[in-house]
Amino acid sequence: MRMRNFSKHGHMFAHMESTESRRPAVDPAILNIFVKLAEGSENERIKATENLIELLISKQSKTNEPSQELKYTVNRLVKGLASSRKWARLGFSVALCQVLRKLEEITVEDILQRIKENLKPIPSSQSKSEVGNILLGKAFAYLVLVQSGRITTEDTERLGEVVKGLTDLRKTKSYLQQLCVTGIVQILQQVDNSLFCKYVLPEIEAELKSGWVECSPDTLLLILQARKHHKRAVRKFLKEYWQDRKVVSEKNYSFIGDVVKASAVCHPLVHPVIDQLIDNVTSNPKLDLLTFWDQVVKPLFDESPSRRQLGLYMFMRLLPSIKTPQQMEGVISPALSGYLFNAVHKKGDEGLTSAKVRETQGKLVDVVKMTSDPEMQMSVLRALIRRPSGPLFDMKTNSSTVSSIISHLCAEAAQKLSQELICVLDGHETWIKDRKLGDELKRWAVTHLRVLATTGGAGSYDWQLDLLKYMFCRAFFTATQATSDVPHCGTMVTAMSLPIKQSLRVNFFKTLNNHASFHASGVSKASQINRFLNTAYDIFEYTLLLLEKSEFVRPDEAFSDQVSEKWNNLVSIIRKVDKKRKKNERMGQDHAFELLFLYMAFQLFMSQKEAIDVLGDLHVCYEKAGNKRRKSVSKKENDEPEWIEVTVELILSLMSRGSHLARVVANSVFAALTSHITPKALSLILDVLQTPKGGEVGQLEFEGEDENMEDEENEEEEDVEMDEEGKKNEEEEEESGVSDEEEDMEGEVDENFRKAVKAALGDAAADSDEDEPDLSDSEMFKLDAVLAEAFKSMKRGKGDKERKEKSKLVTDFKLRVLDLLVTLVKNQPAALHAQALVQPLLELMEAGNKNREEKVLGSRASNVFNLLFKTKKITAANGVNREELVKAIQNLIEYSKTVTGVPMVKEVAKGCLLMIRLLLNFESSLDPSPITTRAQSAVKEKKKESKIKDQAYYQNQVIDIVREGLKNVLYTRDHRLSPTFFYTILERYPVFFWPLSDTLVQAVSSDDVRFFCKTQACSILVSIMNRNVVITEEMMMVLERIKKSFNTDMRKIYYQLKKLYVAGQQPGQRNNSKDKKRKHMDLAEDEATPQKRVETETS
């Protein structure tokens, strides 16, 4: 490769060698900078330029003559402008420009002379690429002179030569035209009128006088700039050659249109004349923007793709100047909206065109966001959803343009649009129309009614409530006669088909879900629930009005006598609960029951049988909850479950449904009833989370509404429209008798199963159905077993798929149930609940570590567990059995033997620490009240003393349990306990577990303990050292006596212990009373500030 290049460019190397031989000595630092000037990083090139200028200034003497380094630098920079390296031309031009600005010793004449010497193309001896590089370097050199400012401020006599050079270069190569014109335009902007007339005008006058006949984009750019900066000089021939002194006028729009079309040859670049034209049009109030659009820009959308993209660019430039709705609708003409629709409607078009169209769609959304004029917002919307794109613009362009615009409409515009959408559904006259769409247009209208009822402008709650009532009325009722007494029944409407009714029902519940899930910043959860309950109750009252006016309105599904009786009871209960709820703003059981009753009231219109079954149990629960004060008389007969247990079962049933609204209701109800949760009620939740032995999925039934209700956020309309299109395609496939699933099965049989059968048959497999081999009966019997196995494998494949789908459903359900536990933990759980949660959560975490399919479940359980562990306050509860807590601590120590990984061992240790907190710390007031008598104070004092004794007893029990496990770790080999477990709990409560220090020291001095275990004992001993523990002299004497037998690691630990003991002996100087007091304060401090303690890891 090098030899080939040498032969090709031999004359160049010879010339360079002769030049190098004559080159003066140059500082190597300067030579190294030339390499950095060609770096790809812009920051590196700028830094190299700054360093070069500093070096050249330092080399320059006090005389005005340029130094040898400066001459060499300028000469090499001019030569480098013709380099073909990717970044060299850019870096060298910047450096040369800065040299001209900073060093006056170099004149313009010097640069022009070097251009003549070094940038002179020789076509006879140079290739085309070499000639092109030299011409491009020459253009860059002229541009450097212009941008440095020297040509127009100091050496002005050379100005004409530069302009002539740029003009001549324009004629050599087409790709140099726009670059050279840019240089001439910069000169026009820099020179005054006298210099323009003397040096610049003579060089370009002939082109400026060519007029519209031979006008090119470059010529139009020059005349516009000349008129702008030197109006007096060119005014005399503007009228003669350009028909108008303003050039850009309505009479010249036809010529301007031709020039604009010709400028598209620069695609994908945009010629500078386009921006100049738009600036002239937008800055002149006498020019009508719509006229310019219709005569110049609009025709571009009927031309080639490059011209269409140019039209799109001009639209985005004109968009900020559109001030009226009439202008907006005129500019977003069917030609433009059709292009926005068709440009991304074609399959596989994801290139530059698609990106520009997406950008334009985003700009239209920004216009709606930034304006508060409802007419301007509506004009954008009308322009997009009219023909040829139609209302289904988003679905067909796979975008969210229309839905984003609708979601950002102001209240007035949203109300106007809602009226048009209602007219679409009711069959009245409206500007939203498309006969080809039929019911699809109505489904689109329903979807956007939901969007408006959720995000339809600020301060429009009453109007959104009215939309909800409309959707409910059309979804579940049919008007038989017009009446003004019932809202939305004032006129007769066309009958709606069942699919539209179903769409209205689904979107009604989605809208309720959006209101229930809405979280406003700075608003409490109770206030949000109260607002949603007010909304639901208003719709409930409207429902009563519809049922009362039976002569005008009838329900789509009539109520039977049984349902009517249930409904009447439900009405009285809801009204009763609503009155009680409004008297108490704080979340409580009244909020919970009203929410449940209202939800089931609406469910009566969806599924009467299911709702009636639930309402019976719910009514009993409400009655028993109201009579809770009488339950202390005696226990219930027949071992009936408590009302909270039945309510929790109902909550779990709601959580298993596909409806997101049902789950939101269940979470809100559970949050309101956390103070009533009993151990049995909690066990119902925990039973759901447990995985049966063998890993088999339990018999859980998941029922409810459409799975589309599962989305937790406000779904965009395009998603719904795509779903509807998918349903339509499915219906068409069902009519044709073939579904996707059947096609997949056929493909699977044709490929995989056929191969399996053929392999099973072996030599007996026939190549075709016509050529079948003859087999004996014995051979056929042998093949039966093989074929049976092949069919079984096919069935197993189907069974695995079904099992995975069912497993995913169960996992999703458990994740939702874990959300209930999060709610419980955040509401200060009782000690009984905290005790019951630890083991199941740890088991879920361990299952997530072992089973990849349950990893998400384990991660969520870990979050709940950490939230429980960090809870600052766990309330006391009657019936806490301390013996069970002691047993739970023992069980956790045993459980730590079975878990996998050190991180999981630490989690089990944290669970053990939590049990110790529950065992030794209870919230209760031990001080007597000021109004109590002396006898009462004495009784309380005795109770206090008794409690302290119990505290000490259980402290000793915990220490003994931990000591036994610690001895197993240190003295035995088959203990299976992890030392990390003991590191974690002892580091957390060092003062409380300080009595174990004797056990650790004995292990260090014992001959029965291995060196490794002795090292661990010393490490644990160091980890629990702090200013609140006592290091005794006897302990140090034992360690001093046996230190000679220590290995290197143990000696390091020993000297750490000795340093703690010797350096001041602050721990040993503390009295025993303070130490005992500190022993009790350790847990209290941990409970008060759990997040401030640092959990260290010892390896």
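The listed residues are Ala520, Ala516, and the only one of them that is surrounded by fewer than 20 Cβ atoms within 10 Å (Cβ to Cβ), within 33 Å of the chain's Cα centre (by Cα) and aliphatic (A, V, I, L, M) turns out to be Ala520. Are any of the residues in region 938-952 under 24 Å from Asn891 (Cα atoms), at pLDDT 80 or above and open to solvent by 10 Å² or more (accessible area, probe 1.4 Å)? Checked region 938-952: at least one residue is under 24 Å from Asn891 (Cα atoms), at pLDDT 80 or above and open to solvent by 10 Å² or more (accessible area, probe 1.4 Å).
Give Ser1045, Ser1006 a once-over and let me know the one that is modelled with pLDDT under 80, surrounded by fewer than 18 Cβ atoms within 10 Å (Cβ to Cβ) and not aliphatic (A, V, I, L, M). Step through it out loud before you land on a result.
Numbers: Ser1006 fails: modelled with pLDDT under 80.
Step by step, each of Ser1045, Ser1006 is checked, and only Ser1045 is modelled with pLDDT under 80, surrounded by fewer than 18 Cβ atoms within 10 Å (Cβ to Cβ) and not aliphatic (A, V, I, L, M).
Quick one: which helices (runs of 4 or more DSSP H) lie wholly within region 297-347 and hold at least 3 residues that are modelled with pLDDT of 90 or more?
Details: elements: 305-318, 325-331, 334-342.
Helices (runs of 4 or more DSSP H) meeting the threshold: 305-318, 325-331.
Scan region 505-526 and tell me whether some residue there is within 27 Å of Val620 (Cβ to Cβ) and in contact with a strand residue (DSSP E or B) (Cβ under 8 Å, 6 or more places away or on another chain). No; the residues of region 505-526 include none that is within 27 Å of Val620 (Cβ to Cβ) and in contact with a strand residue (DSSP E or B) (Cβ under 8 Å, 6 or more places away or on another chain).
Of the residues making up region 412-434, none is crowded, with 18+ Cβ neighbours inside 10 Å, more than 23 Å from Thr494 (Cα to Cα) and modelled with pLDDT under 90.
Okay, residues lined up against (1) closer than 20 Å to His448 by Cα; (2) in contact (Cβ under 8 Å) with a residue 40 or more places away in the chain; (3) of a type outside the set (A, V, I, L, M, F, W, C); (4) open to solvent by less than 70 Å² (accessible area, probe 1.4 Å):
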| position | (1), (2), (3), (4) |
| --- | --- |
| Gln309 | no, yes, yes, yes |
| Leu312 | no, yes, no, yes |
| Phe315 | no, yes, no, yes |
| Leu319 | no, yes, no, yes |
| Gln327 | no, no, yes, yes |
| Ser337 | no, yes, yes, yes |
| Ser379 | yes, yes, yes, yes |
| Arg382 | yes, yes, yes, yes |
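Name the single residue, out of those in region 203-237 being over 57 Å from the mean Cα position of the chain (by Cα) and closer than 17 Å to Lys171 by Cα, that is least open to solvent (accessible area, probe 1.4 Å). Don't jump to the end; show me each part of the working.
Keep residues of region 203-237 that are over 57 Å from the mean Cα position of the chain (by Cα), which gives 203, 205-206, 209-210, 232-237.
Among the residues that remain, those that are also closer than 17 Å to Lys171 by Cα are: 203, 205-206, 210.
Details: Glu203: 69, Glu205: 54, Ala206: 85, Ser210: 33 Å².
Step by step, filter region 203-237, then rank; the result is Ser210.
You will find that of Asn568, Asn530, Asn513, the residue that is without any contact (Cβ under 8 Å) to a residue 24 or more places away in the chain and assigned to a helix (DSSP H, G or I) is Asn568 and no other. Against the condition among the aromatic types (Phe, Trp, Tyr), farther than 22 Å from Thr898 by Cβ and in a helix (DSSP H, G or I), how does Tyr983 come out, does it pass? Criteria not met by Tyr983.
Restricting attention to region 81-96, which residues are open to solvent by less than 10 Å² (accessible area, probe 1.4 Å) and in a helix (DSSP H, G or I)?
As a first pass, look at region 81-96 and keep what is open to solvent by less than 10 Å² (accessible area, probe 1.4 Å): 81, 88, 91, 95-96.
Once the filter is applied, which keeps residues that are open to solvent by less than 10 Å² (accessible area, probe 1.4 Å) and in a helix (DSSP H, G or I), region 81-96 yields Ala88, Gly91, Ala95, Leu96.
Out of Arg860, Arg816, report the one residue that is open to solvent by 40 Å² or more (accessible area, probe 1.4 Å), out of contact with any Ser or Thr (no Cβ under 6 Å at 6 or more places or on another chain) and touching a residue at least 12 places away in the same chain (Cβ under 8 Å). Exactly one of Arg860, Arg816 is open to solvent by 40 Å² or more (accessible area, probe 1.4 Å), out of contact with any Ser or Thr (no Cβ under 6 Å at 6 or more places or on another chain) and touching a residue at least 12 places away in the same chain (Cβ under 8 Å), namely Arg860.
All conditions in (1) in contact with a Lys or Arg (Cβ under 9 Å, 6 or more places away or on another chain); (2) assigned to a helix (DSSP H, G or I); (3) open to solvent by 40 Å² or more (accessible area, probe 1.4 Å); (4) within 27 Å of Ile187 (Cα to Cα) hold for Ala262, with the sole exception of (1).
So for region 109-128 (the condition being open to solvent by 10 Å² or more (accessible area, probe 1.4 Å), under 30 Å from Ser61 (Cβ atoms) and in contact with a Pro (Cβ under 9 Å, 6 or more places away or on another chain)), does at least one residue qualify? If you could, list the steps in order and put the result at the bottom.
Quick first cut of region 109-128, residues open to solvent by 10 Å² or more (accessible area, probe 1.4 Å) only: 109-110, 113-114, 116-118, 120-128.
Filter once more, so that each one left must be under 30 Å from Ser61 (Cβ atoms): 109-110, 113-114, 116-118.
Within this subset, residues satisfying the condition of being in contact with a Pro (Cβ under 9 Å, 6 or more places away or on another chain) are 110.
Yes, because at least one residue in region 109-128 is open to solvent by 10 Å² or more (accessible area, probe 1.4 Å), under 30 Å from Ser61 (Cβ atoms) and in contact with a Pro (Cβ under 9 Å, 6 or more places away or on another chain).
Select, from Glu883, Glu853, the only residue that is over 27 Å from Val810 (Cα atoms), open to solvent by 60 Å² or more (accessible area, probe 1.4 Å), assigned to a helix (DSSP H, G or I) and not small (Gly, Ala, Ser). Exactly one of Glu883, Glu853 is over 27 Å from Val810 (Cα atoms), open to solvent by 60 Å² or more (accessible area, probe 1.4 Å), assigned to a helix (DSSP H, G or I) and not small (Gly, Ala, Ser), namely Glu883.
Pairs are defined by a Cβ separation below 6 Å, a sequence spacing of at least 6 or placement on different chains, a first member in region 655-679 that is within 14 Å of Ile644 (Cβ to Cβ) and of a type in the set (S, T, N, Q), and a second member that is at pLDDT below 90 and surrounded by fewer than 23 Cβ atoms within 10 Å (Cβ to Cβ); the pairs so defined are Thr674/Asn827.
With respect to the conditions (1) at pLDDT 90 or above; (2) open to solvent by 50 Å² or more (accessible area, probe 1.4 Å), Gln68 lacks only one, and its number is (1).
For region 558-585, residues that are surrounded by 13 or more Cβ atoms within 10 Å (Cβ to Cβ) and either touching a Cys at 6+ places or on another chain (Cβ under 7 Å) or among the acidic types (Asp, Glu) (or both) total 2.
Quickly run through region 42-65 and pick out the residues that are under 45 Å from the mean Cα position of the chain (by Cα) and either open to solvent by less than 50 Å² (accessible area, probe 1.4 Å) or of a type in the set (Val, Ile, Thr) (or both).
In the first step, residues of region 42-65 are kept if they are under 45 Å from the mean Cα position of the chain (by Cα); the result is 42-51.
Within region 42-65, Arg45, Ile46, Ala48, Thr49 meet the criteria.
Of all the numbered requirements in (1) β-branched (Val, Ile, Thr); (2) under 16 Å from Ser93 (Cα atoms); (3) at pLDDT below 90, Thr172 misses one, and that requirement is (2). Restricting Ser978, Ser997 to those that are touching a residue at least 60 places away in the same chain (Cβ under 8 Å), farther than 14 Å from Leu913 by Cβ and under 52 Å from the mean Cα position of the chain (by Cα) reduces the list to Ser978. If you go through region 611-640 and keep only what is surrounded by 12 or more Cβ atoms within 10 Å (Cβ to Cβ), modelled with pLDDT under 85 and either touching a helix residue (DSSP H, G or I) at 6+ places or on another chain (Cβ under 7 Å) or outside any helix (DSSP H, G or I) (or both), you end up with Lys631, Glu640.
Taking region 271-303 as the range and being closer than 19 Å to Cys215 by Cα and open to solvent by 50 Å² or more (accessible area, probe 1.4 Å) as the test, only Gln295 passes.
The values are calculated or read from the model by the stated rules, or taken from the named source; none is laboratory data. All values derive from a computational prediction rather than experimental measurement. Glycine gets a Cβ as well: all are built from the backbone with ideal geometry, and neighbour counts include every protein chain shown. When the accessible area is computed, the model is the full protein with side chains, heavy atoms only, and any ligands, DNA or RNA have been set aside. Shrake-Rupley method; radii C 1.70, N 1.55, O 1.52, S 1.80 Å.
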